[in-house]
1. Can you tell which of S96, S101, S86, S78 is closer than 30 Å to K49 by Cβ and not acidic (D, E)?
2. With F110, F164, F148 as the choices, which residue is on the phi < 0 side of the Ramachandran plot, touching a Ser or Thr at 6+ places or on another chain (Cβ under 7 Å) and among the aromatic types (F, W, Y)?
3. From the list I90, I135, I94, I120, which residue is at pLDDT 90 or above, buried (at least 16 other Cβ atoms within 10 Å of the Cβ), more than 15 Å from M31 (Cα to Cα) and hydrophobic (A, V, I, L, M, F, W, C)?
4. Do we find a residue being out of contact with any Lys or Arg (no Cβ under 9 Å at 6 or more places or on another chain), surrounded by 16 or more Cβ atoms within 10 Å (Cβ to Cβ) and modelled with pLDDT of 85 or more anywhere in the stretch 3-17?
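The values are calculated or read from the model by the stated rules, or taken from the named source; none is laboratory data. On a predicted model such as this, the values are computed, not experimentally measured, just so you know. Don't worry about glycine lacking a Cβ; one is built from the backbone with ideal geometry, like all the others, and counts go over all protein chains shown.
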Amino acid sequence: MDKRGGFKMNKKGGFTDLFIFMITSFVLVVMLGIIIFTATTIYTNVKDKTSDLSQFHDYNGSNITEVADYSLGAVVSSYQALYWISVLLIFGMIVSIFIGSYMVTTRPVFFIPYFIMLMIALILSASISNVYERIIATPELASTYVKFWGSNFILLYLPLWITFIGFVGAIIMYSRLGKNEQAVLYGYG
């Protein structure tokens with residue numbers, strides 16, 4: 001607790017935010033692509049294997065292909081929303097980095113470590129982007145990942161996005177320095 005009786009907020013800064021953003025975005029899109037690919041493959045195989053059994057009906061009069069359409073087909077069609085949900089989650093993380101940069105109070109001396117971390121993040125983002133490019137170029141997965149148009153744009157150009165997010169975050173973080181000192185001096189912060 002601080003002197004005024006309130007709890008201290010985490011004042012470490014946004015040094016790790018870029019790393020968390022890169023890794024989370026990469027894992028999110030890869031996992032969603034695998035989930036969609038798996039569900040689509042299972043549904044297609046069930047439809048192919050049961051097409052010969054379409055003359056058999058259950059007690060409600062539905063054949064096995066209709067049951068597959070109502071169950072697995074509904075799952076596959078609901079997974080189509082994951083293409084744009086992934087983009088919204090990634091942009092939500094970008095906005096949270098900017099908000100976190102605004103909420104951090106820091107000293108100008110920490111700009112040098114922030115810049116070093118930004119350079120490390122930039123080098124790592126190039127590797128992640130190259131790995132993602134190899135994953136989406138896999139012939140089996142290409143038809144699934146081509147529909148991730150927004151996420152593909154972000155992850156294939158990840159070094160540019162990291163540069164943009166890092167510099168905008170730094171501008172937001174270090175532009176508040178004068179306002180914080182005035183708030184402390186004049187007592188309105």
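1. Result of the check over S96, S101, S86, S78: S78.
2. Details: F110 fails: touching a Ser or Thr at 6+ places or on another chain (Cβ under 7 Å); F164 fails: touching a Ser or Thr at 6+ places or on another chain (Cβ under 7 Å).
Checking each option against the conditions leaves just F148.
3. I94
4. Yes, the stretch 3-17 contains at least one residue that is out of contact with any Lys or Arg (no Cβ under 9 Å at 6 or more places or on another chain), surrounded by 16 or more Cβ atoms within 10 Å (Cβ to Cβ) and modelled with pLDDT of 85 or more.
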